[in-house]
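Notes for the one structure printed next.
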Amino acid sequence: MACGRASRSIGATRQGMRRVSISLLGVLMSLLALGHAVPVDVSPAAVDRIFSFVSTNDPGCAVMVIKDGQPVFRKGYGVLDLRTLRRIGPETNFRLASLTKQFTAMAIMLLVHDGKLRYEDRLTDVFPDFPAYGKAITIRQLLNHTSGLIDYEDIMAKQYAGIADDKIPQIKDAGVLDLLKQQSSTKFTPGSSWAYSNSGYVVLAMVVEKRSGVRFGEFLRQRIFLPLKMTRTIAYEKGKNKVEVVDRAYGYTQTANVWKETDQSSTSATLGDGGIYTSLDDLEKWDSALSQPSLLSSKEMEPALTPPAAAGGAPLKQVDGSLAPRYGFGWFLDPYLGHRRYSHYGETVGFRNAIQRFPDDLLTLIVLSNRAEVDAPALAQKVAELYLSKK
């Protein structure tokens, strides 16, 4: 009988093991269906090879990979300042340039959440003294680059023709709004076409100030940076705040094998289109807030991830007749290698940046660079390919 009990016990154990195996298999299959459970084993050396062009004492890059909500790679290459040769690290603050637009868009969306603004409000609803052409421009069109506003850089180029950039006074957001008030029309009928517009995002910063009653940079600090504990992130305004010098990356351009500091230009003081400084460490917190999401509900985030369409729902085109990129609020929405992707690039004197988020793969790539010749989006895509190929 003892032997019989032992036999039944062994049989029960085997049945239990089979049940556990089947259960584990079911869990694994379920996770595989989600597309992100299989561990991705990418050698750090493989990422290092992509950035091997950065010499030890040259301006360089900060790179981060976030997978399944966790940073799996975070590293700096090169130096943040040629005067000190201080190394680039996860804490290094870079000027984001147009990566700022996703924060400007979030500020507008928070005002909509507060009931202080609507996406269909007209420019003249916010600024009654704006010229008549502003009656046809909505907040939504400013967000998705279909407003047709004339680029303020083009206006300044005519205004200061023949004058070196370092001799042109820096323009701020309010100055851009004033320039646009001096115009009498748009480049195209609002909503009929698509053209990337820094003017639109500068105006959006002024909309935030008008409807919130506080400075744009302060609104960002109160409603985005502090809640997310992005304590080292600022919308930089000379004389009002500062980027910590010890961690500030300065922009550089190489000419004839000589590095020249190209950190500021006549348009570097505008905020809404490109004035934020931040680091990999803080962008990790931003990415987490977008993934959850935590600042707004998933439903409230939907407009930001929906591209505009032409009349009748047809794909939107650019002025030259080519197909427009899919663009939401501060995000390009074009897929890559068959994977759904939200991305943006940032370019200004001395800085080249990129963020690429693959929501179905729970994968985010960030490249920040303080050297002008870098193709940050291409570098981010190369890193993405390492991880997407392992799926």
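Give the Kirkwood hydrodynamic radius (Å, one decimal) of the chain, defined as one over the mean of 1/r across all pairs of different Cα atoms.
Radius from the Kirkwood sum: 22.8 Å.
Give me the aspartates and glutamates in straight-line cross-link reach of Lys75: C-alpha distance below 12 Å, same-chain residues under 8 apart excluded.
Within the straight-line cut-off, Lys75 pairs with Asp48, Glu91, Asp281.
Could you work out how far apart the two model spin labels at Glu300 and Ile168 are, taking each label as a point 7 Å from the Cα in the direction of the beta carbon, and quote it in nm?
3.8 nm
Rounded, prolate or oblate, given the Cα gyration tensor of segment 215-279, with a/c below 1.5 counting as rounded?
On the way: a/c = 2.81, a/b = 1.95, b/c = 1.44.
Cα axes put segment 215-279 in the prolate bin.
Would you please put 170-181, 246-257 in order of how densely packed they are, using the mean number of other Cβ atoms within 10 angstrom per residue and starting with the highest? List each step's numbers first, then the result.
On the way: 170-181: 18.4, 246-257: 16.8.
Per-residue mean Cβ counts within 10 Å order the peptides as 170-181, 246-257.
So what does the Cα-only Debye profile of segment 83-196 read at q = 0.11, 0.13, 0.17, 0.22 Å⁻¹, as log10 I(q)/I(0), no solvent term?
-0.49, -0.66, -0.98, -1.34
Using a 1.4 angstrom probe on the protein heavy atoms only, line up Leu283, Leu85 by accessible area, largest first.
Numbers: Leu283 5, Leu85 75 Å².
Per-residue accessible area, sorted high to low, gives Leu85, Leu283.
For Cα pairs less than 8 Å apart in space and 6+ apart in sequence, what is the mean separation divided by the residue count of segment 249-326, i.e. the relative contact order in percent?
On the way: 34 pairs, mean separation 8.7, N = 78.
Averaging sequence separation for qualifying contacts and normalising by length gives 11 percent for segment 249-326.
Please compute the length gained on full extension between Val319 and Asp334, using 0.36 nm multiplied by the number of residues separating them and subtracting their Cα-Cα distance. Please report the intermediate quantities before stating the final value.
Numbers: separation 15, 0.36 × 15 = 5.40 nm, distance 1.92 nm.
Value of the extension gain: 3.5 nm.
Suppose each label sits 7 Å from its Cα in the direction of the beta carbon; what would the Glu153-Thr231 distance come out to in nanometres?
Output for this residue pair reads 3.6 nm.
Given the -39500 (n - 2.57) contribution per DSSP H run of 4+ residues, what per-residue ellipticity at 222 nm results for the chain, rounded to the nearest 500 deg cm²/dmol? Intermediate values should be presented prior to the final figure.
Numbers: 12 runs with 129 residues, N = 391.
Computed mean residue ellipticity for the chain: -10000 deg cm²/dmol.
State the extension gain, in nm to one decimal, for the chain segment bounded by Glu218 and Asn57, taking 0.36 nm per residue of separation less the distance between their alpha-carbons. Each step should come with its number before you reach the end.
Values: separation 161, 0.36 × 161 = 57.96 nm, distance 3.59 nm.
Here the answer is 54.4 nm.
List the lysines whose Cα lies under 19 Å from the Cα of Lys167, skipping any in the same chain that are fewer than 8 positions away.
Leaving aside lysines fewer than 8 places away in the same chain, those within reach of Lys167 are Lys158, Lys238, Lys260.
Give me the extension gain from Lys242 to Tyr160: residue separation times 0.36 nm, minus the current Cα-Cα distance, reported in nm with one decimal.
On the way: separation 82, 0.36 × 82 = 29.52 nm, distance 2.87 nm.
Computed gain between Lys242 and Tyr160 is 26.7 nm.
Please tell me the relative contact order of segment 54-146 in percent, rounded to the nearest whole number, where contacts are Cα pairs under 8 Å and at least six residues apart. Please list the in-between numbers first.
Working: 107 pairs, mean separation 15.0, N = 93.
Result for segment 54-146 is 16 percent.
How big is the Kirkwood radius of segment 170-257, worked out from every pair of different alpha carbons and given in Å to one decimal? Walk me through the numbers before you get to the answer.
On the way: mean 1/r = 0.0623 Å⁻¹.
The answer is 16.1 Å.
At 7 Å along the Cα-to-beta-carbon direction for both Glu261 and Asp68, put a label point, then send me their distance in nm to one decimal.
Distance between label points: 4.5 nm.
Can you give me the C-alpha center-to-center distance between segment 124-176 and segment 319-380, rounded to a whole angstrom?
Each part's Cα centre sits 24 Å from the other's.
For the chain, what does the accessible surface come to per residue with a 1.4 Å probe? Please give it in Å². Before the final figure, lay out the partial values.
Details: 18150 Å² over 391 residues.
Accessible surface, normalised per residue, equals 46 Å².
Determine the share of the chain's accessible area contributed by carbon and sulfur atoms, expressed in whole percent, with a 1.4 angstrom probe. Before the final figure, lay out each step's value.
On the way: 9740 of 18150 Å².
On the chain, the fraction of accessible area on carbon and sulfur atoms equals 54 percent.
Hydropathy at least -0.5 by Kyte-Doolittle, axial extent at least 27 angstrom from the Cα trace: which helices of the chain, defined as entire DSSP H runs, fit?
On the way: long enough: 2-34 (48 Å, 0.65).
Helices meeting the criterion: 2-34.
Compare the peptides 129-137, 269-277 by average per-residue count of other Cβ atoms within 10 angstrom and give them in order, highest first.
Details: 129-137: 15.9, 269-277: 25.3.
Going from most to least packed, we get 269-277, 129-137.
Mind checking which aspartates and glutamates have their C-alpha under 15 Å from Lys242, skipping anything on the same chain fewer than 8 residues away?
Glu218, Asp263
Please list 308-319, 223-234, 373-384 highest first by mean number of surrounding beta-carbon atoms within 10 Å per residue. Intermediate values should be presented prior to the final figure.
Numbers: 308-319: 12.4, 223-234: 17.7, 373-384: 19.8.
Final packing ranking: 373-384, 223-234, 308-319.
Starting from segment 166-250, pick out the GluC sites (Glu not before Pro) whose DSSP state is loop and whose Cβ has at most 13 other Cβ atoms within 10 Å. Don't jump to the answer; show the numbers that get you there.
On the way: sites: Glu209, Glu218, Glu237, Glu244; in loops: Glu237, Glu244.
Loop-located and lightly packed - Glu244.
The values are calculated or read from the model by the stated rules, or taken from the named source; none is laboratory data. Keep in mind that what you see is a predicted model, and the values were worked out from it rather than measured. As a convention, Cβ positions derive from the backbone with ideal geometry for all residues, glycine included, and neighbour counts pool all protein chains shown. Only protein heavy atoms, including side chains, enter the accessible area calculation; ligands, DNA and RNA are left aside. Shrake-Rupley method; radii C 1.70, N 1.55, O 1.52, S 1.80 Å.
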